[in-house]
Structures are given as C-alpha cells and as structure tokens.
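The values are calculated or read from the model by the stated rules, or taken from the named source; none is laboratory data. Because the structure is a prediction, the values reported are computed rather than measured. Glycine gets a Cβ as well: all are built from the backbone with ideal geometry, and neighbour counts include every protein chain shown.
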Amino acid sequence: MVPAGRSYSAGAPHLGRRRTFGFLSGFFHMHGDPVPEPENAMNSVERLLARGVDEDTGAGRPFSERTRRAQRSVEAYLKIGGRPRWMERVMEIDRGIAAATRELAADYQALLDEAGSNAESFAARWRAHADSRRFEQLNNLIREHNEWYPIERDLPMNPRTGEYVPVAGRPYGRPILDTAWVLDHFPEWPAKRQD
C-alpha cells in the first residue's frame, strides 16, 4: 500500500530519480555549438574487435587452452546437436538430385507414352524438354559444395597431382545439372537408357 502523498516512483529508488542529460545535447544543438564527443569514442564494432586484440602487439589473442584441445570432428558436432554446414549441404543436394530425377522420370515416361512408337518425335520433344529444364538453385548449391567441401572437411591432398584425395574411393564433387546430365540419365533414344 502506498501512503498518501507518495507516488509509486517515489517508493523505488531508481524510478523517478534517474537523471538524464540528453537535454544537453539538444541545448548545444539548438545554439549552434557542436555536440561534445569524447576523443576516443569507438563504435560498437571497434569495441568488439578491440576486445579480441592484444594491446602490446596489436595481433589477435591466442586461443584458450580449452579451445585448442577441443575435438573438431563430425562426432563432436553431432554430440553437440548441430550438423556441420557441409553435411547439411550434401543432404540438400542429394535430396534435390533425387527429386529432379523423380520429376524427370515421370516426364520421360509421360512423353514416351505420348510418342508411342515414333522414336524420332520422342527424341526431338525430349531434347527440347531437357533444354528447357533449369536447376539454378540446386546448381548454385552444388557449386558451393564443390568449392568448399574439401576445405570444410580438411581433406588431404595428393602431393603428386595437387588434387584432393577421394572420399571413400569416389570423388567428393557433385555433377552440375544441365542438358547433358539430363540426357545422360534419360537418353533421347529409350533403348539406350541405363539406370
């Protein structure tokens, strides 16, 4: 209960008694004087970067012992509960390729049923369909994977060839999806198809 003559803010030491000096900046601005700023004023980015720099050398501070000893492996990421970006990207690419393959298989079969025994008509229409397909979003993801995967996984490099060592005996790169890829998986002449 608040006694008569007192307000809620009067009972709390921090409410109603806080003084702000923002009126001074308005005062200086109204009378043409520059707003005073401290000489060593840093913005938030500069303050954040300054915390990570050794003042004597100007170089970054060394990692802590705990950080240096932390295990950086797939198992460690999974134990924490998050997947590394390369793993998420590979799964997205594999799902995207599987979905594109299913769509193309359905289109291929529908066009094959329409064409019947007329192989030349089928070949021309399938080639036009293959040319019209665009996989830009998936191809951008594949390009990102092909560029960053060996670095993110810290793959060893063959010193003789300068190439990264294959993962589980096969190359890490994923193929770019284009007309040649479509025609390789779904050829113009149905008798040549091998899945």
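All told, Arg127 falls short of being of a type in the set (Lys, Arg) and assigned to a loop (DSSP other than H, G, I, E, B).
Restricting Ala110, Ala98, Ala123 to residues that are of a type in the set (Gly, Ala, Ser) and closer than 30 Å to Ser73 by Cα narrows the list to Ala98.
Quickly run through the range 82-91 and pick out the residues that are surrounded by 15 or more Cβ atoms within 10 Å (Cβ to Cβ) and part of a helix (DSSP H, G or I).
Within the range 82-91, Trp86, Met87, Arg89, Val90 qualify.
The single condition among (1) on the phi > 0 side of the Ramachandran plot; (2) within 30 Å of the chain's Cα centre (by Cα) that Ile142 does not satisfy is (1). Scanning the range 107-159 for residues being among the aromatic types (Phe, Trp, Tyr) and more than 30 Å from Trp86 (Cβ to Cβ) gives a total of 3.
Can you confirm whether the range 130-138 contains a residue that is at pLDDT 90 or above, of a type outside the set (S, T, N, Q), under 22 Å from the mean Cα position of the chain (by Cα) and not in a helix (DSSP H, G or I)? Within the range 130-138, one or more residues are at pLDDT 90 or above, of a type outside the set (S, T, N, Q), under 22 Å from the mean Cα position of the chain (by Cα) and not in a helix (DSSP H, G or I).
Of the candidates Arg170, Arg125, the single residue that is in contact with a helix residue (DSSP H, G or I) (Cβ under 9 Å, 6 or more places away or on another chain), without any contact (Cβ under 8 Å) to a residue 40 or more places away in the chain and either closer than 16 Å to Thr101 by Cβ or of a type outside the set (A, V, I, L, M) (or both) is Arg125. Taking the conditions (1) touching a Leu at 6+ places or on another chain (Cβ under 8 Å); (2) of a type outside the set (Asp, Glu); (3) farther than 13 Å from Trp189 by Cβ; (4) at pLDDT below 95 in turn, Phe122 satisfies each one other than (3).
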